[in-house]
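These notes are about the structure you will find just below.
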Amino acid sequence: MADKTLKVKVFRFDPSVDQEPRFEVYEVPFTAGMSVMDALDYIYQHVDSTLAYYDHAGCTLGVCGRCTGKINGKPGLLCQTLITGNVTLEPLSNNVLKDLVVK
C-alpha cells in the first residue's frame, strides 16, 4: 500500500451539460514509477467513473500519441510521463469533447 498520496488536478468539462470548464482535485495513492495514465486509471476505477480520457490496450508504448495532454502546462504523453508529485492535467487543445478527450 502507498504511504504517500498525490493531488491530481484534472480539467473537467462536458460541453453538452456544463456552462464552463472547471478543475477537480483527486487524491491518488503514489507508487514509485507510476505514470500519469496510472493516476487517471486509479481515479476512473476507484473514485470517479465519469472521467473521460484516452486509454487503450496499447498505452504505455508511446506509439499512437492519442493520450497527449498538458501535464503541469507542458505537452506530454499521459502514458509515458512519470509523476512524483502533485500534477495538473489539461487537454492539449480547446476542442474538448469531454474532459481530457479532444477532437
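Since every read-out is calculated from the coordinates, none of them should be taken as a lab result. If you're wondering where the values come from, they're calculated on a predicted model, not measured in any experiment. Cβ atoms come from the backbone with ideal geometry, glycine included; neighbour counts cover every protein chain shown.
Here are the numbers for the structure shown:
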{"quantity": "Sum of -39500 (n - 2.57) over DSSP H runs of 4+, divided by residues of the chain (222 nm, nearest 500)", "calculated": "-1500 deg cm²/dmol"}
{"quantity": "The chain - share of DSSP beta bridges that are antiparallel (%, nearest 5)", "calculated": "85 percent"}
{"quantity": "Compactness of segment 5-94 as Cα Rg over 2.2 N^0.38 Å, two decimals", "calculated": "1.03"}
{"quantity": "Per-bin percent of Cα-Cα distances, segment 1-50 [5 Å]", "calculated": "5, 19, 27, 23, 13, 7, 4, 2"}
{"quantity": "Net dipole in debye of the chain [+1 Lys, Arg Cβ; -1 Asp, Glu Cβ; about Cα centre; nearest 20]", "calculated": "320 debye"}
